[in-house]
Amino acid sequence: MAELYTYAVARIRALEVALFTSSTIEQLMGCKTEEQALQFLTEKGWGDADTPLNADAILTREREKIWETMNELGVDMSIFDVLSYPNLFHNLKAAVKEVCIKGEHQAAFYTDCAIKREEMLRIVREKDFSKLPEHMQLAAKDAYETLLHTKDGQRCDIIIDRATLDAIYEAGQASKEEIIRDYAEETVAVTDIKIAVRSQKTGKPLEFMKMALAECKSMDVNHLAHAALSGMDAICEYLTSIGYGGAAEALQESASAFERWCDNRMIETIRPQKYNAFTVGPLVAYVIARENEIKTVRIVLTGIQNDMPEEVIRERVREMYV
């Protein structure tokens, strides 16, 4: 297995050379029109020869390339399962809403999931929840029954979102791979912070936060919830006390700065994997880095499309892996 990872990591090291740097993103931001920006991307190898000069088409193709590359490496693809949980649970949420609320919501489904739209709809419609992975079954049943009988969409969302976090954290705890454990810890911790911040801004009660916040080692969610009840200053004070001072500083700066910090925190977490040659770490890090890169390019393209000032776009730009 070590030999397999050595080969795979060597291939990833070669591919990392093509990852966008901060300088590349600056060049993209310098494009005056969307057409210029898309042309810049194609010159950098984004999309394929037959990919339309269209933002969605190019970004979709780049996401497809990530998984084509991982498949070509011949590694056990199950190591990436935890990265797919947010999209898979999102599809469950979309299916529950489509079944319980009249009208189709096809655009709300992710297509690159182990359980496709039609199968997810069948499972929910027939209440065949045993066909779902074990960590989804109870949440699926609870969310379905809740939405069907109460029409409370927000409560349905909370049930599934909390189950997503619990599944990610459980996978991290069970993994022998350091990067999976770190990914799970940071994902849950950062999401908990986001929940607390949104709850404070919208005046959510303690009961709501106890349902939504997921346990993790990085923080005491009960303390975080009570801080949210006290106000944003209390949240920032608590975050600083447990080593998340960067989040507190970003919150005091702006909403955009906070969202940027959330994504940058993950890049900081995975960056040490660049120096690891004998485990799956660099492969998982590459996937996360490419997703971050695509997200950042989308932010820049959206800014250009909407004629946003360059300084506004720059405030939203994420930190690059290389």
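Summary of values
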{"quantity": "Check on Ala174, over 17 Å from the mean Cα position of the chain (by Cα) and at pLDDT 95 or above", "calculated": "yes"}
{"quantity": "Criterion violated by Gly243 - all others in (1) without any contact (Cβ under 8 Å) to a residue 40 or more places away in the chain; (2) surrounded by 14 or more Cβ atoms within 10 Å (Cβ to Cβ); (3) closer than 19 Å to Leu213 by Cα satisfied", "calculated": "(2)"}
{"quantity": "Meets criteria (in contact with a Phe, Trp or Tyr (Cβ under 9 Å, 6 or more places away or on another chain), modelled with pLDDT of 95 or more and closer than 22 Å to Leu92 by Cβ) for Ala163", "calculated": "yes"}
{"quantity": "So His149, is it closer than 25 Å to Leu83 by Cα, surrounded by fewer than 22 Cβ atoms within 10 Å (Cβ to Cβ) and without any contact (Cβ under 8 Å) to a residue 60 or more places away in the chain", "calculated": "no"}
{"quantity": "Residue satisfying all of: in region 100-132; surrounded by fewer than 17 Cβ atoms within 10 Å (Cβ to Cβ) and touching a residue at least 40 places away in the same chain (Cβ under 8 Å); farthest from Arg155 (Cα to Cα) among these", "calculated": "Asp112"}
{"quantity": "Count of region 137-164 residues which are hydroxyl-bearing (Ser, Thr, Tyr) and in contact with a Cys (Cβ under 6 Å, 6 or more places away or on another chain)", "calculated": "1"}
{"quantity": "The listed residue being part of a helix (DSSP H, G or I), more than 24 Å from Asn54 (Cβ to Cβ), among the aliphatic types (A, V, I, L, M) and not assigned by TED's automatic domain parsing to the domain that holds Thr191, out of Val297, Val284", "calculated": "Val284"}
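The values are calculated or read from the model by the stated rules, or taken from the named source; none is laboratory data. Quantities reported herein were computed from a predicted structural model and do not represent experimental measurements. FYI the Cβ positions are ideal-geometry reconstructions off the backbone, even for glycines, and counts take in every protein chain you see.
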